[in-house]
Each structure stands twice: as structure tokens, then as C-alpha cells.
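Chemist: Sharing a structure, written as C-alpha cells. Questions coming.
The values are calculated or read from the model by the stated rules, or taken from the named source; none is laboratory data. Just so we're clear, the structure is a prediction, and the values are computed from it rather than from any experiment. Glycine gets a Cβ as well: all are built from the backbone with ideal geometry, and neighbour counts include every protein chain shown.
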Amino acid sequence: MSEANPLAKYFRKPVLYVDLPSNGKWYPDGVLKYDVGTEVAVYSMTAMDEILLKSPDALLNGVAIVNLIKSCVPAISDPWQAPIIDIDKLLIAQRIASYGQKMDITVKCPKCNEANTYVADLSTLLGSFKTIDYSAPLMIGDISVWIKPVSYKTMTSLKVLSFNNENLIRSFDKESLTTEQQAFYDKLRESAINMSLMSMAASVERIKVGDLDVSDYDFIRDYLSNIDRDTFNTIKKFVEDNATVSQRIDEFDIVCSTEAKDDVPACGHQFKVPFSFDVSNFFVFGS
Ligand SMILES: [Zn+2]
């Protein structure tokens, strides 16, 4: 098309604008261009986006999510490079832009066993995200360790690798392995350990000891595989704590709505339901 499409003015318009938990940090140059101030515009899904979200393969390898963000948040030109801490908020914003703020959650009451449908307000959830500040290092003696959020690409690759690896490990019948199979099995176990090391190394931005200042990924991975387990576990905990810093409401309070019937009084039981963010059922599909 050489001319501007005269229908362009009828294309999707932004539905909402959100800021990012990363504050725009950790994006390579040119990947993020804010639409207004420090906010990105969020558009509703197209029919094509919805189709890709129904593909289990595209969901597992991250292609569905990357495609979705590209389509609905054009401010981010390459979502693979986005820091992982921004992804959930963007997905919730896209859910709101496409289907509105309310989301039905059906859960069984642990007391009376009846199904309850609760309407969750996603805008409250969206507002509960906080910026994570990675500027303070972890101090272990005279060693300072700075960490960073991994990119969506890194996280997805590691997830796919370990998913395949675990499937292979599970496929072995450990009771009856030949020597050859045992060797292969051991290799698989070893690569599982390597993957968790890779994931840790990718989360470390920089290590400083005295005049030494190292940010090279290979050096850091090497370092992590050669330190004592106490130091390793201290760094691991620091990485994990910061990766899971509660950026959002992770539980909903529910009051059971089962009404009185015959001799049984109304239930009224109060319980908490974890908000599980499973993309495969997070997006309801329009009929
Ligand atoms: Zn109940």
C-alpha cells in the first residue's frame, strides 16, 4: 500500500494508558517509546491475536504473548526484550482493554463445597503494581551483588528448556536403566542444575569486590558455580525474593454465597483465593 489507508481512522483506539513496574529501565535502546509521559497506550485485542492465544504451542514458547503485546502495546517494539516484571501488568491491562474490568472467578467453597462465582475487579489489581527498585546491592562480606529482572526472552527460553528437560527425565524408568541410559539420565539431571545456574547468572547484573567490578555473564556464571553453598543460597534467595516481590494483589477475599436451604443455614464462610495468572485461561475468548 503506497497511500495511507482511508479506513485508518476507524482502526482500534487506545483504551487505557499504564505506567510500567520497571519504570522503563532494562529495555535496550529504541525498544520502548512512551506514548504519553511515562505511560504506554493499551489497545484491545484483534481477532487474530485471540486465535494465536488458543494455540498451546504458541503459549508455551512465548510467541502468543509477544504477538499480543506487539499488537496491543505498540509502544514496545520488541516485547522479547521487555523485563519480566512488566509482563503481567501489560497482560492485565490488555485483558481490561479487550473484555472490561470485571473478571468472573469460579471457586469451590472449602466449607460447603458449593461453587461460588466471584467478580474480580481487574482495575484494582492493575493499580496494585509497584515499581521494583534494584539499586541496592546485596552485601555478603566485602562482596556487593546487584541484580536485575531477566528479559521475557531469557525467561521463556529457560522455561522451555527446563520443560523439555523435565519431560525427558520423567520418561525414564529409574528402576531399570542400562549403563548407557543411566549416563544419559545423569546428563539430564546435570543440565537441570545448569539451567538454574543460567537463570541465576542472568539475574545478576554486577558483582563488585574492592576494585573489581564484573558484569560479564560468563564470568558471573562461572563465579556462581564455584562459590560455597551458603553464599550461593544467599544470592539465590535475594534473586527469588526480588523476583516475587508482591507487585499485585495475589489473593481475593471471598464470602460464600450459598443460601439457606431446608434446615441448613446460609454458609457465609470467608476464605481467600489465590489469584493465579495462567494465560491459557486468563483471556476469555469472545464467542
Ligand atoms: Zn460455603
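Results for (1) of a type outside the set (Phe, Trp, Tyr); (2) modelled with pLDDT under 85; (3) within 16 Å of the ligand (Cβ to nearest atom), shown as yes or no for each residue.
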{"site": "Phe219", "(1), (2), (3)": "no, no, no"}
{"site": "Thr231", "(1), (2), (3)": "yes, no, no"}
{"site": "Asp250", "(1), (2), (3)": "yes, yes, no"}
{"site": "Pro265", "(1), (2), (3)": "yes, no, yes"}
{"site": "His269", "(1), (2), (3)": "yes, no, yes"}
{"site": "Pro274", "(1), (2), (3)": "yes, yes, no"}
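Chemist: Loosely packed, with under 14 Cβ neighbours inside 10 Å and either outside the structural domain of Gln81 (by TED's automatic domain parsing) or within 30 Å of Asp57 (Cβ to Cβ) (or both): is that true of Arg221 in this structure?
Modeler: No; evaluated as a whole, the condition is false for this residue.
Chemist: Could you go through segment 189-203 and let me know if any residue there is surrounded by 13 or more Cβ atoms within 10 Å (Cβ to Cβ), in contact with a Pro (Cβ under 9 Å, 6 or more places away or on another chain) and either assigned to a helix (DSSP H, G or I) or not hydroxyl-bearing (Ser, Thr, Tyr) (or both).
Modeler: Yes - at least one qualifying residue is present in segment 189-203.
Chemist: May I pose another question? Of the residues Lys159, Lys148, Lys153, Lys208, which single one is in contact with a Lys or Arg (Cβ under 9 Å, 6 or more places away or on another chain) and surrounded by 11 or more Cβ atoms within 10 Å (Cβ to Cβ)?
Modeler: The unique qualifying residue is Lys148.
Chemist: Same structure again: Please count how many residues of segment 233-248 are within 19 Å of the chain's Cα centre (by Cα), β-branched (Val, Ile, Thr) and at pLDDT 85 or above.
Modeler: 1
Chemist: Please determine whether any residue of segment 112-130 is at pLDDT below 90, assigned to a helix (DSSP H, G or I), farther than 27 Å from Pro274 by Cα and more than 16 Å from the ligand (Cβ to nearest atom).
Modeler: Checked against the condition, which is being at pLDDT below 90, assigned to a helix (DSSP H, G or I), farther than 27 Å from Pro274 by Cα and more than 16 Å from the ligand (Cβ to nearest atom), segment 112-130 yields no hits at all.
Chemist: Follow-up question, since we're still on this one. Is it the case that segment 162-170 has a residue that's crowded, with 16+ Cβ neighbours inside 10 Å and part of a loop (DSSP other than H, G, I, E, B)?
Modeler: no
Chemist: What do you reckon, is Ala93 away from the ligand (no atom under 16 Å from the Cβ), within 19 Å of the chain's Cα centre (by Cα) and hydrophobic (A, V, I, L, M, F, W, C)?
Modeler: yes
Chemist: Looking at (1) under 30 Å from Ala115 (Cα atoms); (2) out of contact with any Asp or Glu (no Cβ under 6 Å at 6 or more places or on another chain), which one does Thr258 not meet, given that it meets all the others?
Modeler: Going through (1) under 30 Å from Ala115 (Cα atoms); (2) out of contact with any Asp or Glu (no Cβ under 6 Å at 6 or more places or on another chain) one by one, Thr258 breaks only (2).
Chemist: Something else now. So, in segment 9-63, how many residues would count as being aliphatic (A, V, I, L, M), at pLDDT 90 or above and either crowded, with 16+ Cβ neighbours inside 10 Å or touching a Phe, Trp or Tyr at 6+ places or on another chain (Cβ under 9 Å) (or both)?
Modeler: Selection size over segment 9-63: 11.
Chemist: Okay, next question. I'd like to check which helices (runs of 4 or more DSSP H) are fully inside segment 40-107 and have at least 2 residues that are more than 27 Å from Asp121 (Cβ to Cβ).
Modeler: So the answer is 47-53, 56-60, 63-72.
Chemist: Select from segment 169-218 the residues that are more than 26 Å from the chain's Cα centre (by Cα) and closer than 19 Å to Gly141 by Cβ and list them in ascending order.
Modeler: If the condition is that a residue be more than 26 Å from the chain's Cα centre (by Cα) and closer than 19 Å to Gly141 by Cβ, then Lys208, Val209, Gly210, Asp211, Leu212, Asp213, Val214 are the ones that fit.
Chemist: Specify the residue that is nearest to Met45 (Cα to Cα); the eligible residues are those in segment 76-101 that are small (Gly, Ala, Ser) and surrounded by fewer than 19 Cβ atoms within 10 Å (Cβ to Cβ).
Modeler: In this case the residue turns out to be Gly100.
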